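K.L.:
Attaching a single structure in structure tokens format; questions to follow.
The values are calculated or read from the model by the stated rules, or taken from the named source; none is laboratory data. Bear in mind that the values here come from a model prediction, so they are computed numbers and not experimental data. Reconstructed Cβ throughout: ideal geometry from the backbone, glycine too, with neighbour counts over all protein chains shown. For accessibility, only protein heavy atoms count, side chains too; no ligands or nucleic acids. Shrake-Rupley method; radii C 1.70, N 1.55, O 1.52, S 1.80 Å.
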Amino acid sequence: MNNSTFPSLKKLTEIAITRLSRNENGFFLMVEGGRIDHALHSSKPHAAFMEILEFEEAVEAALNMTNIEDTLIIVTADHSHVMTINGYPSRGHDILGLVTNKDVRDNLPYTTLMFTTGFGANYSWNGERVLRKNLTNVDTRDMNFVFPSAVLTNPGSGTHGGEDIGIYAVGPMSHLFHRVHEQSYIAHVMAYSSCIGPFKNNCRRLVQDKQSNKDKNVQSKAGRRSSNKILIFTIPSFLI
């Protein structure tokens, strides 16, 4: 993240595609935005957002360097995280900022973003009631600010979540991602798209006949509704 010592995720993606493209038989490449996961385990959404922007640049670079006629690109995740959005912030409110709500019993502001588990749990007991930290003069936009959580964990050990995660795709057979799927289904689509594995001898595809402008079923070759290049981008996701 803005560290000149290490190449960016975009640069690494560009180098990988350049090298792998030398193989005329195509390639498979997986790119992981792992630092997003690290930030969310540490309850640091600002850091996670910055990493997501870098991840977006890597995906954009892949789209610019490949042809979706013969390249299947998938963006998905292997799990979610337990970050949530609290209600009733004002319109235009900073997503990393504080919310004042008259219905909050202790009259203290709260962050729009919180975690159900994480290192940010900060409660005390005064003998009568539970007290939480007053964040009024705290810079919650700081990159390293640890956002509040309900259950205290060790540093960097906030848990994963259990929500369904998104699958976004473009290229040959990308239309096969169209509803809720089992995780293993992704691998089947990749294999079917590239005519490998159990689909090695089952590569008939509908292609458009330019003369009649009608679809016809033909044995597909790379570049004709089948892919000989597959890129999968994976990130831990959260719902916003």
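K.L.:
As a test of the formula, what do you get for the chain when each DSSP H run with n ≥ 4 contributes -39,500 (n - 2.57) and the sum is divided by the residue count, at 222 nm and rounded to the nearest 500 deg cm²/dmol?
P.N.:
Values: 4 runs with 51 residues, N = 240.
Result for the chain: -6500 deg cm²/dmol, rounded to the nearest 500.
K.L.:
Using r as the Cβ-Cβ distance of residue 202 and residue 22, and R0 as 25 Å, what FRET efficiency do you calculate, to the nearest 0.05? If you can, show how the numbers build up before the last one.
P.N.:
Numbers: r = 28 Å, r/R0 = 1.14.
Once rounded, the FRET efficiency stands at 0.30.
K.L.:
I would also like to ask the following. If I fit a long axis through the Cα atoms of helix 9-20 and take the longest principal axis of the Cα atoms of the chain, what angle between them do I get, 0 to 90°, rounded to 10?
P.N.:
Helix 9-20 sits roughly 20 degrees off the main axis of the chain.
K.L.:
Expected output is a single nm value to one decimal: the length gained when fully extending between residue 151 and residue 78, i.e. 0.36 nm times separation in residues minus the C-alpha distance. What is it?
P.N.:
Details: separation 73, 0.36 × 73 = 26.28 nm, distance 2.31 nm.
Length gained, residue 151 through residue 78: 24.0 nm.
K.L.:
Given R₀ = 51 Å, FRET efficiency for residue 137-residue 57 by Cβ-Cβ distance, to 0.05? Present the calculation step by step, with values, prior to reporting the outcome.
P.N.:
Details: r = 35 Å, r/R0 = 0.68.
Taking R0 as 51 Å, the efficiency between residue 137 and residue 57 is 0.90.
K.L.:
To the nearest 10 degrees, how steeply does helix 185-194 sit against the main Cα axis of the chain, on a 0 to 90 scale?
P.N.:
On a 0 to 90 degree scale, this one is about 30.
K.L.:
Per-residue accessible area for residue 18 at 1.4 Å probe radius, Å² rounded to 10?
P.N.:
Rounded to the nearest 10, that gives 70 Å².
K.L.:
May I pose another question? Give the percent of DSSP beta bridges with both residues in the chain that are antiparallel, rounded to the nearest 5. Could you put the intermediate results ahead of the total?
P.N.:
Numbers: 19 of 35 bridges.
Once the DSSP bridges in the chain are tallied, antiparallel ones form about 55 percent.
K.L.:
Evaluated at 25 °C with a viscosity of 0.890 mPa s, what Stokes-Einstein diffusion coefficient in µm²/s does the range 31-136 have when Rh comes from the Kirkwood expression over alpha-carbon pairs? Can you show the working numbers first?
P.N.:
Details: Rh = 16.8 Å.
Rounded to a whole number, D works out at 146 µm²/s.
K.L.:
Residue 84: accessible area at probe 1.4 Å, nearest 10 Å²?
P.N.:
Near enough 60 Å² of accessible area.
K.L.:
Taking the range 84-136, how much of its Cα-Cα pair set, in percent, is spaced more than 14 angstrom apart? Walk me through the intermediate numbers first.
P.N.:
Details: 810 of 1378 pairs.
Beyond 14 Å sits 59 percent of the P(r) for the range 84-136.
K.L.:
Another one. Please give the per residue accessible area of the chain, computed with a probe of 1.4 Å over protein heavy atoms only, in Å². Can you show the working numbers first?
P.N.:
Values: 14640 Å² over 240 residues.
Using a 1.4 Å probe on heavy atoms only, each residue of the chain averages 61 Å².
K.L.:
Calculate the translational D of the chain in whole µm² s⁻¹ from Stokes-Einstein, where the hydrodynamic radius comes from the Kirkwood formula applied to all Cα pairs, the temperature is 20 °C and the viscosity 1.002 mPa s. Intermediate values should be presented prior to the final figure.
P.N.:
On the way: Rh = 20.8 Å.
So the translational diffusion coefficient is about 103 µm²/s.
K.L.:
Ordering 102, 133 by accessible area with a probe of 1.4 Å, largest first, what comes out? Show your work: numbers first, answer last.
P.N.:
On the way: 102 175, 133 100 Å².
Order by accessible area, largest first: 102, 133.
K.L.:
May I ask you to derive the FRET efficiency for residue 105 and residue 187 from their Cβ-Cβ distance with R0 = 51 Å, giving the value to the nearest 0.05?
P.N.:
Values: r = 50 Å, r/R0 = 0.97.
Step by step, r from the Cβ atoms, then E = 0.55.
K.L.:
Of the accessible area of the range 81-182, with the probe set at 1.4 angstrom, what percent is carbon plus sulfur? Don't skip to the end; give the middle numbers.
P.N.:
Working: 3380 of 6630 Å².
Carbon and sulfur together cover 51 percent of it.
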